[in-house]
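S.K.: Structure below; questions to follow.
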Amino acid sequence: MDFTGFLGNDAVKTRLSGAFASGRVAHSYLICGPAGSGKHTLARLLGAAMQCEGRGGKIPCGVCSGCRKAFEGVHPDIITVDDPDHKAMTVDPIRAARSDMFIRPNEGKRKLYIIPRGQEMNESAQNALLKILEEPPDYGVFLILSTNAERLLPTIRSRCAELQLGPVEQREALPFLRQHAPDKPDGVLRAAYLRAGGFLGQALTLLQDAEDEPFVRQFAAAYAARDRMALLRVLLPMEKAKREQLLPALQQLRACICGALAQRSGLEAASESAAQIVASRSGSELLQASDSIQAAIDALAANASAGAVTGFLAMKLR
Ligand SMILES: [Zn+2]
């Protein structure tokens, strides 16, 4: 199996490749790792590998109908076992899986049951699951995903091949992030990677969240270009804003400037806007801008009008 680019954990790779090379497939796998560590990605890969018809040299080949359906999430023999309406996972979906398991696979060699929230299974759900794991039919496989292996009964864990997902090395992570966020500069990707502690799913979420509001981007572009008219065009409409809109807007501007300051002192870029500003503004200019915005925030909190605060900023930020 080719897990490159998804998993940096060599131990996991080796164990999985070994398991598949020898043709042995366990009946139950426990995939553990924090949110955003690649549990679902690995489950999808394993699902494809188990349903692959082996057209190419590698498994999963990615081109056969088994692989394609698995990757698209429409394979009839890959079944998600969950109870999304309830926080705790009760015995009912496990019982449903149990009766379903006695029906032979539709088109694949195996029937795969994925439990995405293993950590939420209550005790009766786990006991019911244990019964199935004790005597699964030949074609039945369970993939249990869990943020915490400790939440599962030792009797369940002892029946599972346990795969603990670890952080991904930076040299493997960056190409993956580049591929998924092609419009982001490397500095931003590296910052997201570091803040996510090496977990790629978390890094991707951070990259999405780091997307600045349009007005912050416009402000950053104007401020970086030292374009006074453009700056006024961003700032002046704020005088009509309500206090409860203006306050978070100013906080975002200040966060952007602080991000630029942090980058100037050697940290990774926090956002594209910050990176843009750093390229053309000195540290002392950034400090002044940050102080001015903070003064505006304080004034607003002390009941100054939006008009007065906007006028002050229009004068100070240039
Ligand atoms: Zn295939």
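The values are calculated or read from the model by the stated rules, or taken from the named source; none is laboratory data. In this text, all values refer to a predicted model and were calculated from it rather than measured experimentally. FYI the Cβ positions are ideal-geometry reconstructions off the backbone, even for glycines, and counts take in every protein chain you see.
S.K.: Output the qualifying pairs, or none if there are none: Cβ atoms under 6 angstrom, residues six or more apart or on different chains, first residue in region 93-108 and over 17 Å from residue 47 (Cα atoms), second residue modelled with pLDDT under 95 and crowded, with 17+ Cβ neighbours inside 10 Å.
M.R.: 93/83; 98/132
S.K.: Shifting gears a bit: Which of the following residues is within 30 Å of residue 193 (Cβ to Cβ), touching an Asp or Glu at 6+ places or on another chain (Cβ under 8 Å) and not basic (Lys, Arg): 208, 252?
M.R.: 252
S.K.: Ok, one more. Any idea which of (1) buried (at least 20 other Cβ atoms within 10 Å of the Cβ); (2) in the same structural domain as residue 312 (by TED's automatic domain parsing); (3) out of contact with any helix residue (DSSP H, G or I) (no Cβ under 8 Å at 6 or more places or on another chain) is the one residue 219 doesn't satisfy?
M.R.: For residue 219, the failing item is (3).
S.K.: Determine if region 99-113 includes at least one residue that is closer than 13 Å to residue 82 by Cβ, in the same structural domain as residue 144 (by TED's automatic domain parsing) and among the hydrophobic types (A, V, I, L, M, F, W, C).
M.R.: No.
S.K.: Filter region 33-54 down to residues that are more than 7 Å from the ligand (Cβ to nearest atom) and among the small types (Gly, Ala, Ser) and give me whichever is nearest to the chain's Cα centre (by Cα). First the steps, then the outcome.
M.R.: Applying the first criterion (more than 7 Å from the ligand (Cβ to nearest atom)) to region 33-54 yields 33-47, 49-51.
When the remaining residues are screened for being among the small types (Gly, Ala, Ser), the result is 33, 35-38, 43, 47, 49.
Values: 33: 13, 35: 7, 36: 5, 37: 8, 38: 8, 43: 15, 47: 20, 49: 23 Å.
Going through the qualifying residues, I end up with 36.
S.K.: Of the conditions (1) at pLDDT 90 or above; (2) crowded, with 23+ Cβ neighbours inside 10 Å; (3) not hydrophobic (A, V, I, L, M, F, W, C), residue 93 satisfies every one except a single condition; which number is it?
M.R.: Answer for residue 93: the failing condition is (2).
S.K.: Return the pairs, sorted by first residue and then second, in which the second residue is in a helix (DSSP H, G or I) and within 8 Å of the ligand (Cβ to nearest atom), the first residue lies in region 59-77 and is free of Cβ contacts under 8 Å to residues at least 60 places away in the same chain and closer than 18 Å to residue 104 by Cα, the beta carbons are less than 6 Å apart, and the residues are 6+ apart or on different chains.
M.R.: 66/51; 70/48; 70/51; 75/51
S.K.: Just name the residue that is nearest to residue 167 (Cα to Cα) out of those in region 177-194 that are surrounded by 15 or more Cβ atoms within 10 Å (Cβ to Cβ) and free of Cβ contacts under 8 Å to residues at least 40 places away in the same chain.
M.R.: Here the residue is 193.
S.K.: Please give the number of the condition residue 207 fails out of (1) in contact with a helix residue (DSSP H, G or I) (Cβ under 8 Å, 6 or more places away or on another chain); (2) at pLDDT 85 or above; (3) surrounded by 14 or more Cβ atoms within 10 Å (Cβ to Cβ); (4) farther than 16 Å from residue 255 by Cβ.
M.R.: Among (1) in contact with a helix residue (DSSP H, G or I) (Cβ under 8 Å, 6 or more places away or on another chain); (2) at pLDDT 85 or above; (3) surrounded by 14 or more Cβ atoms within 10 Å (Cβ to Cβ); (4) farther than 16 Å from residue 255 by Cβ, residue 207 violates only (2).
S.K.: I'd like the full set of residues that are within 16 Å of residue 209 (Cβ to Cβ) and not in a helix (DSSP H, G or I), limited to region 255-287.
M.R.: 268, 269, 270, 271
S.K.: A further question follows. Cβ-Cβ distance below 8 Å, separation of 6 or more or different chains: which pairs start in region 27-45 with a residue that is closer than 25 Å to residue 131 by Cα and end on one that is surrounded by fewer than 24 Cβ atoms within 10 Å (Cβ to Cβ) and among the acidic types (Asp, Glu)?
M.R.: 29/162; 30/162; 32/162
S.K.: Can you confirm whether residue 65 is among the hydroxyl-bearing types (Ser, Thr, Tyr) and within 24 Å of the chain's Cα centre (by Cα)?
M.R.: No: the conditions fail for residue 65.
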